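Report on the structure given below.
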Amino acid sequence: MSLRVLLLADTHLGFDLPLTPRVRRRRRGPDFLANYELALAPALAGEVDLVVHGGDVFHRARPHHTLVAMAFEPLRRVADRGIPVFVVPGNHERSRIPHARFASHPLIHIFDRPRTFRLTIRGVRVALLGFPYERHVVRKRMPALIQQTGWLPGQDDVALLCVHHCFEGATVGSANFTFRRGPDVIRVRDVPAGVTAVLTGHVHRHQVLEADLFGRPLPAPILYPGSTERTAFTEMGETKGTLLLEIGTGGPSGPRIRSRFIPLPTRPMCRADIHPRGIDPGALARHVRRVASAFPSDAVLRLRVHGRLRKDAMTVLSAAGMRALVPPTMNVDVQLVDAPRFRVASRPT
Ligand SMILES: [Mn+2]
């Protein structure tokens with residue numbers, strides 16, 4: 001017997017999606033909504049037994065109710081097919097789902113507190129235990145939180161721990177930072193015995209942890225699908241996607257879990273460095289236009305400007321100035337490397 005689980009996380013809906021935009025420019029918000037829908041495609045097609053959203057559904061703590069309605073609409077379609085959906089509130093939604101009335105459906109379950117959901121799928125007893133993002137020293141509180149879920153080993157065929165946290169050994173960023181002993185990092189040994197797998201969001205890079213910090217194999221893999229879009233330039237080189245889990249039961253050695261990463265499309269994210277020492281605004285504008293034209297016209301571009309600039313160069317590098325120099329299909333943001341206080345241009349993408 002085998003179970004199929006779709007795991008997605010960190011969809012950050014609402015990223016660069018103002019309800020009433022002050023300026024007309026290409027926004028990245030629609031990319032996030034499109035990938036969310038794509039991420040759910042296997043569930044919408046009825047190809048999985050259950051769906052877990054590992055948290056950070058939303059980008060902001062107080063999303064407008066229309067965005068919440070938009071976010072839960074496809075989840076309701078999944079649930080209407082008879083496929084249960086489980087949602088872990090992440091840190092971006094401050095550990096709770098806002099306007100939760102849009103999530104009210106008999107098959108949509110939210111980890112609004114430490115708890116365990118149980119269901120039987122084709123004769124397989126499945127437990128999903130978990131808790132919302134814990135902002136206070138989760139490392140210390142983990143054993144208590146597990147206890148509060150009420151889950152006990154030995155009663156189910158499959159037990160999935162659903163959370164939104166860093167675990168020891170998870171890596172992020174271009175410098176491959178490894179989480180080890182911070183107060184916000186869960187020890188792998190605090191994952192209770194009998195758990196089949198850990199399904200989690202929070203770390204935006206897709207990864208599957210199968211060993212502890214000393215290389216010893218973990219009894220249960222820790223699965224990060226990663227975010228469904230890039231929320232920062234530190235994610236520049238990362239492929240985004242979801243995880244499809246196949247959990248085989250009935251074998252002699254307990255459930256066996258296989259995971260397959262399903263990539264999602266993302267626009268190219270690029271960075272360019274310029275050193276426009278003391279040149280006049282006209283020359284700077286030409287230079288920026290030439291540099292930007294070397295990148296795909298739908299790129300999300302960060303222009304890193306080095307050195308001191310003439311005061312009158314600032315209008316060129318302002319958000320409006322930059323929009324005049326790059327294709328309208330491009331997102332661009334400027335970083336003044338040597339004057340970080342004067343960060344111009346629009347919000348960082
Ligand atoms: Mn996140």
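So here's what we get for this one:
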| read-out | value |
| --- | --- |
| Where Phe32 falls short, out of the listed (1) within 16 Å of the ligand (Cβ to nearest atom); (2) in a loop (DSSP other than H, G, I, E, B) | (2) |
| Verdict on Ala170 being surrounded by 13 or more Cβ atoms within 10 Å (Cβ to Cβ) and within 20 Å of Gly82 (Cα to Cα) | no |
| Condition met for Pro84 (in contact (Cβ under 8 Å) with a residue 24 or more places away in the chain and either under 21 Å from the mean Cα position of the chain (by Cα) or surrounded by fewer than 20 Cβ atoms within 10 Å (Cβ to Cβ) (or both)) | yes |
| Unique residue being assigned by TED's automatic domain parsing to the domain that holds Asp10, buried (at least 17 other Cβ atoms within 10 Å of the Cβ) and assigned to a strand (DSSP E or B) when the list is Ala71, Ala43, Ala127 | Ala127 |
| Filter result (under 30 Å from Ala193 (Cα atoms) and not in a loop (DSSP other than H, G, I, E, B)) within the range 246-302 | Glu246, Ile247, Gly248, Arg256, Ile257, Arg258, Ser259, Arg260, Phe261, Ile262 |
| Filter result for the condition that a residue is away from the ligand (no atom under 16 Å from the Cβ), in the same structural domain as Gly226 (by TED's automatic domain parsing) and surrounded by fewer than 14 Cβ atoms within 10 Å (Cβ to Cβ), over Arg135, Arg118 | Arg118 |
| Residue in the range 3-18 that is surrounded by fewer than 21 Cβ atoms within 10 Å (Cβ to Cβ), of a type in the set (A, V, I, L, M, F, W, C) and outside the structural domain of Val326 (by TED's automatic domain parsing) present | no |
| Candidate set: the range 1-58, residues that are closer than 14 Å to Leu264 by Cβ and free of Cβ contacts under 8 Å to residues at least 12 places away in the same chain; chosen: the one farthest from the chain's Cα centre (by Cα) | Ala41 |
| Flag for Arg260 being basic (Lys, Arg), assigned by TED's automatic domain parsing to the domain that holds Ala197 and either in contact with a Gly (Cβ under 7 Å, 6 or more places away or on another chain) or over 30 Å from Pro221 (Cβ atoms) (or both) | no |
| Residue check, Val288 closer than 22 Å to Asn91 by Cα, away from the ligand (no atom under 16 Å from the Cβ) and at pLDDT 95 or above | no |
| All positions within the range 222-245 that are within 11 Å of the ligand (Cβ to nearest atom) and assigned to a loop (DSSP other than H, G, I, E, B) | Gly226, Ser227, Thr228, Glu229, Thr231, Ala232 |
| Residue within the range 48-57 that is more than 16 Å from the ligand (Cβ to nearest atom), in a strand (DSSP E or B) and out of contact with any Pro (no Cβ under 9 Å at 6 or more places or on another chain) present | no |
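The values are calculated or read from the model by the stated rules, or taken from the named source; none is laboratory data. These numbers come from a predicted model, not from an experiment. Every residue, glycine as well, gets a Cβ built from its backbone with ideal geometry; the counts of neighbours run over all protein chains shown.
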